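What follows draws every value from the coordinates through simple rules; no lab data is involved. Keep in mind the model is a prediction, meaning the values are calculated, not measured. Cβ placement follows ideal geometry from the backbone for every residue including glycine, while neighbour counts extend to all protein chains displayed.
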Amino acid sequence: MKKVLAGFILSGLLIFGVGCSHRIAPKEGTAANPDLLLFARGIYPGDDSTFALIRNSGFTTLMLSSFYIRANGDVFSGDNNRQPIIHQGIFTGNEEWVRRVQSLRKNPGSIRRIEILLEGRWYNQPPNTYDFIKDWIDSAKGGPEVITGTKPGSTLYEIVRILKEKIGADAICIDDESVYDSQSIIRLGEMAHGLGIHMTLCPYTKIPFWKEIIDSSRHHLVDAVYLQCYDGGKRNTPAPWVQGLNSNIPVYPIFLCRGAFSTCSTSHNSKTPDEIRADMQAYRKEYPGLSGAGIWQMADIKNYVRMNCAVKDTASGNATTVPQYLEQLRKSLSNHL
C-alpha cells in the first residue's frame, strides 16, 4: 500500500474488527469478559476441523505463531521452513490458511482478536527477526533484496502491511529474547500504528527494556503484555511486572501445558490444568486486576493427546481428546477471573 487514504483505512478496520479499540486493565476486583489467549503454533496451514474447534473453544484471542524474518526479507512460518509466506513484499503463503484464519471471526464463535507472533532467536542461534529489524529500521544496513526504513515500499512496511491487510492481524506481538534494541521496536510500533495495527509484548525478563518500549510508544499502541511464566520465566508472576511496568496495560500470564517438548511429564515448567488453576488463584490474589491469561501452544495440546499422556502419566491429567484438553485448559485459566 503506497498511499493510505482515510476512507480506506476506516473500511479496512471495520472489516477486520480492529478500529481504534484497545485493552485497558480493569479495576481491581473485576474481570468481566476475560481475555483468554491461545498460541497456535502447529496450525499452518492447518485444517478446517482444527480451526472450527478453535473458533468455538471459548478462547478470545488467537496468536498465530511463530513467524520469522530472514536476511533477504522473507517471512516464514515456524511450521514450514520451505516456503515463505511473504517474499519481496508479496504474500506467497497458503491461501487456504488465510481462508481458515478469516473464518475464525464467523459467528457463532469466541475469537474476537487475531495476532501474529514475531519470534526472535534465542542466544547463540543464527540472526533472524529482531536482528534484521534493528538493522533495517533505518538505512544503516540491508542486503540487495532489502529496502530499509519504515516508509511505504520498505521491506518492514510491506511485511506489516501484508500481516494486516491479507491475514487480518489486529496486532503484532514482540517476542525478542536476545537483541533487546528498544528504539527499533518503538519505531516499528509507530509504523504499525500508521497501518492501523496494535503491538503487544511477550517478555520473560528485562522489565526496564519493555517499560521503555511502553513509555516511548504512542498511547494505546501497546495494549497487552503476555508474560512468559515458564522456561526462562518460570519464576515470573504478574504482580511484580505490573508494578515494574507502571502502566495500565493489562499483564496476562502465559502457561506452558503438559505435552510441551514432546513429553507427558513436566518440562520447562509445563503444568497440568489443576496446577494452572492453582497458579491463577494465587496470581489473582497478588494482582486483583488480572483479567486474562493464555496457553502456549496448540501443537503441545495435540502432542499431549497423541502421546496418550492421560494413560502414560496419570499425574499429567485425564484428557483423552484435543477438545477435552483444550476445554480443561480454558477452564483452568478462567476459573478465577
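Observations on the model:
- Here ARG99 does not qualify as under 23 Å from ASN128 (Cα atoms), surrounded by fewer than 16 Cβ atoms within 10 Å (Cβ to Cβ) and more than 16 Å from the chain's Cα centre (by Cα).
- Residue in segment 112-130 that is within 24 Å of ALA239 (Cα to Cα) and over 17 Å from the mean Cα position of the chain (by Cα) present: no
- Looking only at residues of segment 107-119 that are farther than 17 Å from ASP79 by Cβ and in contact (Cβ under 8 Å) with a residue 12 or more places away in the chain, we find that the one that is surrounded by the most Cβ atoms within 10 Å (Cβ to Cβ) is ARG113.
- Counted residues, segment 134-159 - those being touching a Leu at 6+ places or on another chain (Cβ under 7 Å), of a type in the set (A, V, I, L, M, F, W, C) and either over 19 Å from PHE91 (Cα atoms) or surrounded by fewer than 22 Cβ atoms within 10 Å (Cβ to Cβ) (or both): 2
- Residue match in segment 164-179 (condition: of a type in the set (Ser, Thr, Tyr) and under 16 Å from TYR68 (Cβ atoms)): yes
- Pick from segment 58-74, criterion touching a helix residue (DSSP H, G or I) at 6+ places or on another chain (Cβ under 6 Å) and surrounded by fewer than 23 Cβ atoms within 10 Å (Cβ to Cβ), ranking: farthest from ASN94 (Cα to Cα): GLY58
- Subset of segment 168-188 (residues that are within 15 Å of the chain's Cα centre (by Cα) and either surrounded by fewer than 20 Cβ atoms within 10 Å (Cβ to Cβ) or not aliphatic (A, V, I, L, M) (or both)): GLY168, ASP170, CYS173, ASP175, ASP176, GLU177
- Qualifying residue in segment 160-179 (condition: touching an Asp or Glu at 6+ places or on another chain (Cβ under 9 Å), among the small types (Gly, Ala, Ser) and over 21 Å from TYR252 (Cα atoms)): yes
- Residue check, TYR283 of a type in the set (Ser, Thr, Tyr) and under 30 Å from ILE214 (Cβ atoms): yes
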